[in-house]
1. Give K250, K185 a once-over and let me know the one that is open to solvent by 10 Å² or more (accessible area, probe 1.4 Å), within 21 Å of A145 (Cα to Cα) and more than 16 Å from ligand 2 (Cβ to nearest atom).
2. Which one is nearest to A25 (Cα to Cα), of the residues in region 208-255 that are outside any helix (DSSP H, G or I) and basic (K, R)?
3. Are any of the residues in region 199-212 away from ligand 1 (no atom under 16 Å from the Cβ) and closer than 28 Å to E79 by Cβ?
4. Given the criterion within 21 Å of L18 (Cβ to Cβ) and not β-branched (V, I, T), identify the matching residue among E239, E192, E218.
5. Return yes when D39 is modelled with pLDDT of 95 or more and touching a Ser or Thr at 6+ places or on another chain (Cβ under 7 Å) and no when it is not.
6. Which numbered condition in (1) buried (at least 18 other Cβ atoms within 10 Å of the Cβ); (2) more than 16 Å from ligand 1 (Cβ to nearest atom) is the only one that G144 fails?
7. Specify the residue that is least open to solvent (accessible area, probe 1.4 Å); the eligible residues are those in region 110-126 that are under 17 Å from K86 (Cα atoms) and out of contact with any strand residue (DSSP E or B) (no Cβ under 6 Å at 6 or more places or on another chain).
8. Would you mind stating whether V121 is within 16 Å of ligand 1 (Cβ to nearest atom), without any contact (Cβ under 8 Å) to a residue 60 or more places away in the chain and in contact with a Ser or Thr (Cβ under 8 Å, 6 or more places away or on another chain)?
Amino acid sequence: MLFDTHAHLNDEQYKDDLQEVIKRAQKEGVSNMVVVGFDRQTIEKAMELAKNYEFIYACIGWHPVDAIDMTPEDLLWIEELSAHPKVVALGEMGLDYHWDKSPKDIQKEVFRKQIRLAKKVKLPIVIHNREATGDIVEILKEEGAEEVGGIMHCFSGSPEIAKECMNMNFYISLGGPVTFKNAKKPKEVAAEVPLDKLLIETDCPYLAPHPFRGKRNEPAYVKLVAEQIAEIKGVSVEEIAEATTRNAKKLFAIK
Ligand SMILES: [Zn+2]
Ligand SMILES: [Zn+2]
């Protein structure tokens with residue numbers, strides 16, 4: 001049993017073959033998936049998938065790249081939807097300094113508002129971080145995000161930063177990059193993060209693992225992530241699957 005904790009099955013790239021993509025995932029042993037919506041359109045689609053499939057859950061929030069577009073009504077709407085039993089986390093939220101569509105101060109404000117909302121509705125948060133580690137850690141501390149905890153999704157930082165995040169009640173989630181030959185840091189993180197703090201994800205359709213790098217990613221490939229981590233840790237893939245599924249169910253409060 002594998003748990004893909006971060007998938008964008010609501011992406012346009014699956015509009016023609018979503019059924020087959022889901023079937024392939026189940027065939028590879030993916031028992032649960034969390035579909036992440038990060039704007040009006042993708043949140044609506046994530047909710048629809050979560051309502052239609054027993055094994056799909058939704059994570060909803062506002063992406064930092066589009067922070068500049070978020071209105072007070074959007075935040076209220078997310079709060080209303082968060083009461084739905086299939087919504088298991090808020091996000092993805094955070095900071096992305098790679099793209100400059102939204103100024104940093106607006107990204108920070110939208111990030112803080114979502115952390116406060118998560119504390120209000122008592123849901124864990126899923127953090128997107130691109131080239132913004134220092135500011136993210138600072139905001140998580142200042143806002144007391146430890147209270148709800150959550151996931152550092154597609155973690156690409158050092159083992160030291162991973163430790164700092166784990167101390168703040170966050171799980172470390174690894175995706176396709178851990179399988180890339182030149183990915184030194186994710187491999188170090190895979191080696192050092194204890195099994196009870198580790199999660200796996202695809203972030204599909206992005207970041208397909210080796211040997212599909214550069215192609216469209218899908219939840220079935222989360223198995224390749226689990227296999228790579230098992231090899232690094234010197235344990236069986238079943239052990240990785242079991243631990244990461246148990247962790248995800250605990251965090252998302254899924255029975
Ligand atoms: Zn992300
Ligand atoms: Zn994502």
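1. Numbers: K185 fails: within 21 Å of A145 (Cα to Cα).
Exactly one of K250, K185 is open to solvent by 10 Å² or more (accessible area, probe 1.4 Å), within 21 Å of A145 (Cα to Cα) and more than 16 Å from ligand 2 (Cβ to nearest atom), namely K250.
2. The selected residue is R216.
3. No, region 199-212 contains no residue that is away from ligand 1 (no atom under 16 Å from the Cβ) and closer than 28 Å to E79 by Cβ.
4. Exactly one of E239, E192, E218 is within 21 Å of L18 (Cβ to Cβ) and not β-branched (V, I, T), namely E218.
5. Details: modelled with pLDDT of 95 or more: yes; touching a Ser or Thr at 6+ places or on another chain (Cβ under 7 Å): no.
For D39, the condition - modelled with pLDDT of 95 or more and touching a Ser or Thr at 6+ places or on another chain (Cβ under 7 Å) - is not met.
6. Looking at each condition in turn, G144 falls short on (1).
7. Only one residue fits best here, namely V121.
8. No; evaluated as a whole, the condition is false for this residue.
The values are calculated or read from the model by the stated rules, or taken from the named source; none is laboratory data. Keep in mind it's a predicted model, so treat the numbers as computed, not measured. Every residue, glycine as well, gets a Cβ built from its backbone with ideal geometry; the counts of neighbours run over all protein chains shown. To get the accessible areas, we keep the full protein, side chains included, count just its heavy atoms, and leave off ligands, DNA and RNA. Shrake-Rupley method; radii C 1.70, N 1.55, O 1.52, S 1.80 Å.
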